[in-house]
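*Asks:* Got a structure for you, written out below as structure tokens; questions coming shortly.
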Amino acid sequence: MSSSVEAITVLSSDGDEFKITVSAAKLSKPLNWMLEDVCFSDDCDEVPTIEVNSKTLVKVIEYCEKHAPRANSGASDSDAEELKKWDIEFMKMDVKDILFHILMAANYLHMEGLYDLACQTAADLMKGMTVSQIRKIFHIKNDFSSEEQEQLRRQHPGCSFD
Amino acid sequence: MEESNQEELRIDEKSFDLVPSNIFNIHREILEGICDRLSISDQLQFARVCKSCHSLVFERHNPKARETLSLVGLTEDPHFCGKRIQKQITCYQIHPKSFQHSNPCIIGSFKGWLFLQYHKEKFIQLVNLFSKIHLDLPPLDAMKFIPSDGHMKFIPSDVRMKLIYGPTMFVRAFAVLFCIRMRPVLTAIVSNSWKLLLCKIGGSAWEAHETDEQYVNVAFYKKKLYAMRKNYNKVDIFEIDHDLKRIPVGGIEIDDALKLFPLAITGSSQLINAPSSWGRPFQAYLVVDSQEDNLFLVMHHRKEVKVQFLTVEFEIYKVYGNRLVKVDTLGDQIVLLNASCSEMIDVKDCPPSFYFHGNQICFKKSSKNLGIYSFKDGIVNWLPQFRGFDCIHWMIPRLAGKCSCESHIMPYP
């Protein structure tokens, strides 16, 4: 890759083009491999397609751009703390409705930090939910027989320490 | 309260508008990742949703739970039984009568399992309190054992009392090999006479090591058994065959003790006394990290004041093949250092808590004195004493998976 290139263009699964800085793209292992293998330059017309929809990709790029400086050069404790607060807001305010798409994108793009964050956010949303709430939210049909349900209730009436 | 009413109170359903119409279309690996980040009680709720959810909770590889690093122990006082937050530490206090036999003694905790020895009946069990599983191990044969004064010093005080009145053989250290779903497959122990014994889960007898070699602690790492010799000069490495025969496959020499453990011999300050009846003023423990990628040797240096050993500092050595290399930081890892069995956890897997930030060692000086050593500043944060709480051990709660794999028949997964 030409060292003069600071940003590359990527294509979403919807066909929209997005710019991402090279340092931010490096947070994704597949994009990083691509950067190492393909000669990107100003006159290069190769645009990698990312199998992530535009709405999700915008958020993924936002995450990458925010985390890239720390990932590339390290950060002080206060920077790390500030980044942690930003992560919480990022997940709380912006991406709740596309959380599962973010999760799949982070998995597909091999982005460990975003994957951990999205998994924890999904787990936090399920925290304290009852069985029927989980069924309703996630459109899950109960396929236990009444005997099996009774058996489960006996085996695990809930955590015995709660 | 009815579940449907609770729903109206708490759930903002708009938050889930774009949840996939069938979450089981999402890669199982992702759903397992979410499961690992749920607490044990939330996992148990999730398991009751449908058969696929049940399978996710109980049939995934290396199941974890988002639980706080805790203390577990026994209490006779019914008012203190159960899960409680004491002095900003989560404590699981269990009444001895909660167990299947009388006079239980918690020998240690490892990956959410308790290793129990019942002194009256001489039974041994592995117990997962959260999955409510009790696995019986064969009792250790009664053996006449009259401890010398020197030996008595090695015995934890809570065990020592029981030794005087009850059993003649006890477990000094243990290691458990798990299958991929965290069901115990094989266990190794160091007996009170420093002997190495092995037993398959479901086996009828303990297999003794043929040699006269004596050991202090053991760990399974990458399907091999690592055993620290009693004189701390070598860690023996064994492969275990299907008949539980130990095949030596190498060792880590620690004979250059002056070079490797300068603090142990010369002391980091003039305060360190020459060892008395102990071979050296330190103890060493084998510990495997949370990803099971690395084996470490933790050195606990001590100084002797009258009859007590006070903590001086810790050192950690990483095992590379048959070499030991000192490391200065544990990163996000925390060592739960129990005399009988130690483990490492990643602080990122736990909810935020007052005491635990990573790069620390949680240890026990005596049955009541617990400390948290930080590598960042080299300072020990001593916890206030927990009254009426016996056989205390550091623990990280985990569920056990369901498994009928061949690992439970064959020694290795």
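*Asks:* Collect the residues in the stretch B:49-89 that are open to solvent by 30 Å² or more (accessible area, probe 1.4 Å) and either part of a helix (DSSP H, G or I) or hydrophobic (A, V, I, L, M, F, W, C) (or both), keeping them in residue-number order.
*Replies:* Within the stretch B:49-89, B:Lys51, B:Ser52, B:Pro78, B:His79, B:Phe80, B:Cys81, B:Ile85 meet the criteria.
*Asks:* Sticking with this one: Taking the stretch B:375-385, which residues are surrounded by fewer than 16 Cβ atoms within 10 Å (Cβ to Cβ) and in contact (Cβ under 8 Å) with a residue 12 or more places away in the chain? Break it down into steps so the answer makes sense when it comes.
*Replies:* Taking the stretch B:375-385 as the starting set, the residues that turn out to be surrounded by fewer than 16 Cβ atoms within 10 Å (Cβ to Cβ) are B:376-379, B:381-382, B:384-385.
Across the stretch B:375-385, the qualifying residues are B:Lys376, B:Gly378, B:Asn381, B:Trp382, B:Pro384, B:Gln385.
*Asks:* Give the residues of the stretch B:98-126 that are polar (S, T, N, Q) and free of Cβ contacts under 8 Å to residues at least 24 places away in the same chain, sorted by residue number.
*Replies:* Of everything in the stretch B:98-126, those that are polar (S, T, N, Q) and free of Cβ contacts under 8 Å to residues at least 24 places away in the same chain turn out to be B:Ser98, B:Ser102.
*Asks:* Let me ask something else about it. Quick check on my filter: what residues within the stretch A:108-125 are open to solvent by less than 10 Å² (accessible area, probe 1.4 Å) and not in a loop (DSSP other than H, G, I, E, B)?
*Replies:* Those that are open to solvent by less than 10 Å² (accessible area, probe 1.4 Å) and not in a loop (DSSP other than H, G, I, E, B): A:Leu114, A:Ala118, A:Cys119, A:Ala122, A:Ala123.
*Asks:* Something else now. For the stretch B:354-373, what are the residues that are surrounded by 15 or more Cβ atoms within 10 Å (Cβ to Cβ), at pLDDT 90 or above, out of contact with any Gly (no Cβ under 8 Å at 6 or more places or on another chain) and not aliphatic (A, V, I, L, M)?
*Replies:* The answer is B:Tyr355, B:Phe356, B:Gln360, B:Gly371, B:Tyr373.
*Asks:* Give the residues of the stretch A:137-154 that are assigned to a helix (DSSP H, G or I) and either touching a Cys at 6+ places or on another chain (Cβ under 7 Å) or at the interface with chain B (Cβ under 7 Å from one of its Cβ atoms) (or both), sorted by residue number.
*Replies:* A:Ile137, A:Leu152
*Asks:* Would it be correct to say that B:Glu313 is open to solvent by 40 Å² or more (accessible area, probe 1.4 Å), over 28 Å from B:Ala65 (Cα atoms), among the acidic types (Asp, Glu) and modelled with pLDDT under 85? Before you say what the answer is, go through the steps one by one.
*Replies:* Working: open to solvent by 40 Å² or more (accessible area, probe 1.4 Å): yes; over 28 Å from B:Ala65 (Cα atoms): yes; among the acidic types (Asp, Glu): yes; modelled with pLDDT under 85: yes.
In short, yes.
*Asks:* Right, next: Among the residues of the stretch B:166-218, what is the count of those that are within 25 Å of B:Ala65 (Cβ to Cβ) and part of a strand (DSSP E or B)?
*Replies:* The initial filter retains those residues of the stretch B:166-218 that are within 25 Å of B:Ala65 (Cβ to Cβ), namely B:174-187, B:201.
With part of a strand (DSSP E or B) added as a condition, the list becomes B:174-178, B:184-187.
Of the residues in the stretch B:166-218, 9 are within 25 Å of B:Ala65 (Cβ to Cβ) and part of a strand (DSSP E or B).
*Asks:* Looking only at residues that are facing another protein chain (nearest Cβ under 7 Å) and among the hydrophobic types (A, V, I, L, M, F, W, C) in the stretch A:96-107, which one is surrounded by the fewest Cβ atoms within 10 Å (Cβ to Cβ)?
*Replies:* A:Ile98
*Asks:* Ok, one more. Which residue, of B:Phe110, B:Phe145, B:Phe154, is at pLDDT below 90, within 22 Å of B:Arg229 (Cβ to Cβ), open to solvent by less than 60 Å² (accessible area, probe 1.4 Å) and of a type in the set (Phe, Trp, Tyr)?
*Replies:* That would be B:Phe145, the only listed residue that is at pLDDT below 90, within 22 Å of B:Arg229 (Cβ to Cβ), open to solvent by less than 60 Å² (accessible area, probe 1.4 Å) and of a type in the set (Phe, Trp, Tyr).
*Asks:* While we're here: Is it true that some residue in the stretch B:251-270 is among the aliphatic types (A, V, I, L, M), assigned by TED's automatic domain parsing to the domain that holds B:Cys179 and at pLDDT 50 or above?
*Replies:* yes
The values are calculated or read from the model by the stated rules, or taken from the named source; none is laboratory data. Remember, predicted model here, so these are calculated numbers, not experimental data. Glycine also receives a Cβ, built like all others from the backbone with ideal geometry; neighbour counts cover every protein chain displayed. Quick note on the areas: whole protein, heavy atoms, side chains included, nothing else; ligands and nucleic acids left out. Shrake-Rupley method; radii C 1.70, N 1.55, O 1.52, S 1.80 Å.
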